[in-house]
Amino acid sequence: MMERLDRSWDLFQKSLHVMRREPKLLVFPALSFLATLSLLALIWMGMTPESLRAMGSAMNGDASGIEEWWMLPAYFVLYLATMTVANFCGAAYYREIMRGLAGMPVSVSGGFFYAASRFKAILLWSLLAATVGLILALIERRVGIVGRIILKIVGMAWAVVTVFAVPVLVTNHSLDNPIEVLKRSAGTIRKTWGEALIGYVGMNILTGVATFLMIVLAIVLFLSLGGTGVGGVLLALLFFAYLAFLYVVAVCNRIYIAAMYRYANGQSTDAFDNSDFVGAFQAKPPLWNR
């Protein structure tokens, strides 16, 4: 286990190297956040106070006086719109990560122009993902605690199976069928027998350790400096440093996933050696045959 985590740390450092070499990759998450926030703000401003109260009541589980058949399409349209924006930005992002990994220059505008050329495929994939997400959410509202736990596991499995969906869209220029996108994403996962995500999990562990250390340091600062102005400034700086760290880890996660996808599909990268992925991509027999 420690060997795998060491490999994850090494892959994180190499992802960080790619990010430093191509600093424009840092722009995409911010643009994605701003685009999603702007969309939600436009939707919010376009709704009447009555519809806002109705949607708030429905989200809290109180459907009294609300026609559920009317609310479901509204939820779905909102969900689909936000997911389409996120996947559109994700496609632009992954396209430029792929270029960066191939040693080509990164362009923010180039990424979004490419995403625009793949809008049909992005919309169809978002439609499938939004449908699955809404179905799981509706079922979760109607089952007990055991059912909710099962649905959480199903949701996690869906997240794993679809982790390569956007890279599939980016690298297969004529592929529009969302079912085929899902199959190819799942096929990449099956090649790895789950080990391909060890670096992804390792980075999440790194985030957890950083969060723990941040909390401990914040407590120490609070206890030692109390409510002084210096203490407040240091706590604020610590908080912003933590947010910056999470931002960098999120970028490195995307780079790592893109690098895994390229390797799994026989594409080399100039930032990673084949030996970086050999252990993660070795085909293994099922446990019962070992």
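What follows is calculated from the coordinates using simple rules that are stated; it is not laboratory data. For clarity, every value in this text was computed on a predicted model and none was experimentally measured. For neighbour counting, all protein chains shown are included, and Cβ atoms are generated from backbone atoms with ideal geometry for every residue, glycine included.
Tabulated results
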read-out	value
Packing-based exposure ordering (other Cβ within 10 Å, fewest first) of Met104, Met83	Met104, Met83
Estimated FRET transfer efficiency (Val27, Ala210; beta-carbon r; R0 22 Å; 0.05)	0.45
Phi to ³J(HN,Hα) by Karplus 6.51 cos²θ - 1.76 cosθ + 1.60 over region 84-99, Hz, x for Gly, Pro	5, 4, 5, 5, 4, 5, x, 5, 4, 5, 5, 4, 6, 4, 4, 5
Likely footprinting exposure, Ser107, Ser224, fewest C-beta neighbours within 10 Å first	Ser224, Ser107
Environment charge of Glu140, counting only residues whose C-beta is closer than 9 Å and scoring Lys/Arg +1, Asp/Glu -1	+4
Cα-projected label distance for His173 with Asp10, points at 7 Å along beta-carbon direction, nm	3.5 nm
